[in-house]
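The values are calculated or read from the model by the stated rules, or taken from the named source; none is laboratory data. Computed from a predicted structure; not experimentally measured. Ideal geometry is used to build each Cβ from the backbone, glycine not excepted, and the neighbour counts take in all protein chains shown. Note: accessible area is taken over every heavy atom of the protein model, side chains too, but ligands, DNA and RNA are not part of it. Shrake-Rupley method; radii C 1.70, N 1.55, O 1.52, S 1.80 Å.
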Amino acid sequence: MSFARAAEISAYLKKYTVGIAGCGGLGSNCAVALARAGVGKLVIADYDIVTNHNLNRQYYFHDQIGRLKVHALRENIQRINPDVSVKAFDLKLCTSDIVDLYSKCDVIVEAFDKAEMKYMIIETVLSRIPGKPLVVGVGMAGWGSTNLLHSRYSENLIICGDETSEVSDSLPVLAPRVGIVAHMQANEVLNILLKEFKPVDE
């Protein structure tokens, strides 16, 4: 029964589009989780390339070093679930890009590394695309303290992470906590998209 229900959920999710701003530790892992769940269309954007130091936490492989992240991530998603449509944009997002690329998405995921970019997308979505659900990640550096990770809700803004731990030389970003927060973001996206889901046998 669980396999049938998972297939039913996947079929339901095919009609939705999720925008992901940034394809690093949060964005790449969140995108893969949503692809595995069956979300029909992903709109991803990033201007960076895959480097060796990305491999400790981001969903890329050694033979993809030097490639644009958006193209490598689209390839990885297609290998996992070829039914997912992935629109990949190689650019550094600005306010107008966010409106142009993500205004028609059902949910937007913020997955930037830099604080100023996080503030920019939050301000843009709240002011230019009011009512659009935005799931952001704040505070995932270091290791341990899993119980401090949480989701906080403020109308259409959902914040995932511990909201305090900042990246530093003594507190780097590592795969476990980054992966947990990325999957928390994916889980919040599904929570939004599946709100009206009604199983056929109920």
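Here are the numbers for the structure shown:
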{"quantity": "In nm, spacing of pseudo-spin labels at LEU157 and HIS62 (7 Å Cα→C-beta vector)", "calculated": "4.3"}
{"quantity": "Net +/- balance of residues flanking ARG128 in space, Cβ distance below 14 Å, scoring K and R +1, D and E -1", "calculated": "-1"}
{"quantity": "Long-range HN-HN contacts of PHE89 with modeled amide H, under 5 Å", "calculated": "ILE44, ALA45, ASP46"}
{"quantity": "Kyte-Doolittle mean at least -0.5 and Cα axial length at least 27 Å: DSSP H helices in the chain", "calculated": "none"}
{"quantity": "Calculated [θ] (222 nm, deg cm²/dmol) that DSSP helices of n ≥ 4 give over the chain, each run adding -39,500 (n - 2.57)", "calculated": "-12000 deg cm²/dmol"}
{"quantity": "Mean separation of Cα contacts under 8 Å, 6 or more apart, over the residue count of the chain: relative contact order %", "calculated": "23"}
{"quantity": "Ordering of 25-36, 53-64 by burial proxy (mean other Cβ atoms within 10 Å per residue, highest first)", "calculated": "25-36, 53-64"}
{"quantity": "Cβ charges +1 (Lys, Arg) and -1 (Asp, Glu), total dipole of the chain, debye", "calculated": "440"}
{"quantity": "Accessible surface of region 2-193 [probe 1.4 Å, protein heavy atoms]: carbon and sulfur percent", "calculated": "54"}
{"quantity": "In nm, spacing of pseudo-spin labels at THR146 and SER96 (7 Å Cα→C-beta vector)", "calculated": "4.6"}
{"quantity": "Heavy-atom surface of region 72-159, accessible at 1.4 Å and reported per residue (Å²)", "calculated": "53"}
{"quantity": "Formal net charge of residues neighbouring LYS114 (Cβ-Cβ distance under 13 Å; K, R +1; D, E -1)", "calculated": "-4"}
